[in-house]
Amino acid sequence: MTPIGANALAQWPIVAAQAIIFGTAAFEVALAPRDPGARSPLLRELAPFWIGLAAVLIAAAPVALLTQVSAMAAAPWRTAIAFVPEVLRETHGGRLWIVRLIAIAAVAAVAFRCADHDRAPAALAAFAAVLILAGALSSHAYDWGLFMVAMNFLHQAAASMWAGALLALCYGEYFGDRDPAAHWIHEVAQRVSTAAGWSVGALFATGAILTVRALGFDSSRLLYSAYGRALIFKIAAFAAAVAVGGYNRYRLMPNVRERASRRTLVRLVAVECVFILGVFGLAAMLANTPPVH
Amino acid sequence: MLYRKNILTIAALCAAIMLAPRMASAHAFPKRENPAAGATLNSPPSQVTIDFDAPIEKLFAKLTVLDSSGRNLASEPVVGDAGKRLSAALPLLKPGDYKVAWSVVCRDSHRTEGSYQFTVSGSPH
């Protein structure tokens, strides 16, 4: 496997887990319905999910770090282990890895206390935001200036919000025990739809800015470069997710109180989530592909 | 009114792209080499210098100058000019073809490498 493919594959679980943690926690803090003065029922349901995602981060981080050091040193894993302390101490990417590892430890510590602490989701969202920012600061955008780092961060945050809102809906519907379920999903689906709409708008705007910065206005660069072709696949997966989301919003949501529509909606939201996970994988691939030179 | 607001937002975003400082592209690539790729020199160079379009990591910077027998003649490479210049001193080179091979890691942790040749035609002074 090429270093680009290996790096992308190693980073995919981290990109997806940090995005989902940020999105679901932010959704729980800002958008989840709750009775005044009462705790959100979603909090207790999401707690084991966050512990699972923290475990993914803990398991994937050493693999991703070692894969990255191996690519930097152009050496196999066994040789690359010796470079790890030097990379962490002396390189920009290594110092960001130290920040990442601390943030992952904080995410894990908070995830285990989520079920009993009302403020834990806000802390979880903040630590996941640190992970996303560390990713933006070690991306191509870092060489393009702080404005592009901010665009990259907003791009990732918007994608995370979209995925998080959808997964919170699916998770709450599958694992929640509510009476009546139709009322809950009607209320949540409205909020998810609004969050998804804003997220897609932000993704489109920031994605356009990052694309123009990476490829310029030359369409041949989109077609005849590795970066351009990876971007085409990412845009196709994004378009598929938006199409499914549009169908959910305009066809199924008006009838969400009906049992059949509700089931179809939740199934299609799960399909939308799969496309978004594909987008995260292609984003990891894109982050490791050299832009047109 | 909302339509006008949207147009203004898009225009502001486009302006931001245009006005954003044109910094170096991600992944470091050579911007200028001295001696230049393919150059034929009358007198031997005292050092090889490559200027990159993005800052590079000192830890993984490599630069070799190989003669026709494959022997590396360059000294330990030095990174300077805010991390964008890689250079190595050379002994007095004899007339002949030389291959410069470099490999660097950019601040975004991505590795790039390449090589080129130059020729020394004049005799050493």
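The values are calculated or read from the model by the stated rules, or taken from the named source; none is laboratory data. Remember, predicted model here, so these are calculated numbers, not experimental data. Every residue, glycine among them, receives a Cβ derived from its backbone with ideal geometry; neighbour counts consider all protein chains shown.
The number of residues in segment A:69-121 that are within 18 Å of residue A:6 (Cβ to Cβ), within 14 Å of chain B (Cβ to nearest Cβ) and among the hydrophobic types (A, V, I, L, M, F, W, C) comes to 11. The residue that is farthest from residue A:51 (Cα to Cα), counting only those in segment A:122-159 that are buried (at least 24 other Cβ atoms within 10 Å of the Cβ) and at pLDDT below 90, is A:144.
Report yes if some residue within segment A:53-63 is within 26 Å of residue B:114 (Cα to Cα), assigned to a helix (DSSP H, G or I) and out of contact with any strand residue (DSSP E or B) (no Cβ under 6 Å at 6 or more places or on another chain); otherwise report no. There is no residue in segment A:53-63 that is within 26 Å of residue B:114 (Cα to Cα), assigned to a helix (DSSP H, G or I) and out of contact with any strand residue (DSSP E or B) (no Cβ under 6 Å at 6 or more places or on another chain). Of all residue pairs spaced 6 or more apart or on separate chains, those with beta-carbon atoms under 9 Å, a first member in segment A:48-60 that is touching a residue at least 24 places away in the same chain (Cβ under 8 Å) and a second member that is not in a helix (DSSP H, G or I) are A:50/A:112; A:51/A:112; A:54/A:112.
Let's see how each residue does on (1) assigned to a strand (DSSP E or B); (2) at pLDDT below 95; (3) more than 14 Å from chain A (Cβ to nearest Cβ); (4) in contact with a strand residue (DSSP E or B) (Cβ under 7 Å, 6 or more places away or on another chain):
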{"position": "B:59", "(1), (2), (3), (4)": "no, yes, no, no"}
{"position": "B:70", "(1), (2), (3), (4)": "no, yes, yes, no"}
{"position": "B:74", "(1), (2), (3), (4)": "no, yes, yes, yes"}
{"position": "B:83", "(1), (2), (3), (4)": "no, yes, no, yes"}
{"position": "B:92", "(1), (2), (3), (4)": "no, yes, yes, no"}
{"position": "B:99", "(1), (2), (3), (4)": "yes, no, yes, yes"}
{"position": "B:109", "(1), (2), (3), (4)": "no, yes, no, no"}
{"position": "B:112", "(1), (2), (3), (4)": "yes, yes, no, yes"}
{"position": "B:124", "(1), (2), (3), (4)": "no, yes, yes, no"}
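Do the conditions hold for residue A:45, that is, is it surrounded by fewer than 22 Cβ atoms within 10 Å (Cβ to Cβ), in contact (Cβ under 8 Å) with a residue 40 or more places away in the chain, of a type in the set (Asp, Glu) and under 28 Å from residue A:197 (Cα atoms)? For residue A:45, the condition - surrounded by fewer than 22 Cβ atoms within 10 Å (Cβ to Cβ), in contact (Cβ under 8 Å) with a residue 40 or more places away in the chain, of a type in the set (Asp, Glu) and under 28 Å from residue A:197 (Cα atoms) - is met. A count restricted to segment A:128-150 and to residues that are more than 14 Å from residue A:284 (Cβ to Cβ) and either touching a residue at least 60 places away in the same chain (Cβ under 8 Å) or charged (D, E, K, R) (or both) stands at 6. Would a scan of segment A:164-173 turn up a residue that is without any contact (Cβ under 8 Å) to a residue 60 or more places away in the chain and away from chain B (no Cβ under 14 Å)? No: zero hits. Mind checking whether some residue in segment A:202-220 is touching a residue at least 60 places away in the same chain (Cβ under 8 Å) and under 15 Å from residue A:158 (Cβ atoms)? Yes, the conditions are met somewhere in segment A:202-220.
Check segment B:32-54 and report whether any residue there is among the aliphatic types (A, V, I, L, M), over 26 Å from residue A:85 (Cβ atoms), at pLDDT below 90 and surrounded by fewer than 17 Cβ atoms within 10 Å (Cβ to Cβ). No, there is no match, as no residue in segment B:32-54 is among the aliphatic types (A, V, I, L, M), over 26 Å from residue A:85 (Cβ atoms), at pLDDT below 90 and surrounded by fewer than 17 Cβ atoms within 10 Å (Cβ to Cβ). Determine, yes or no, whether residue B:104 is part of a strand (DSSP E or B), within 14 Å of chain A (Cβ to nearest Cβ) and free of Cβ contacts under 8 Å to residues at least 24 places away in the same chain. So residue B:104 fails the test.
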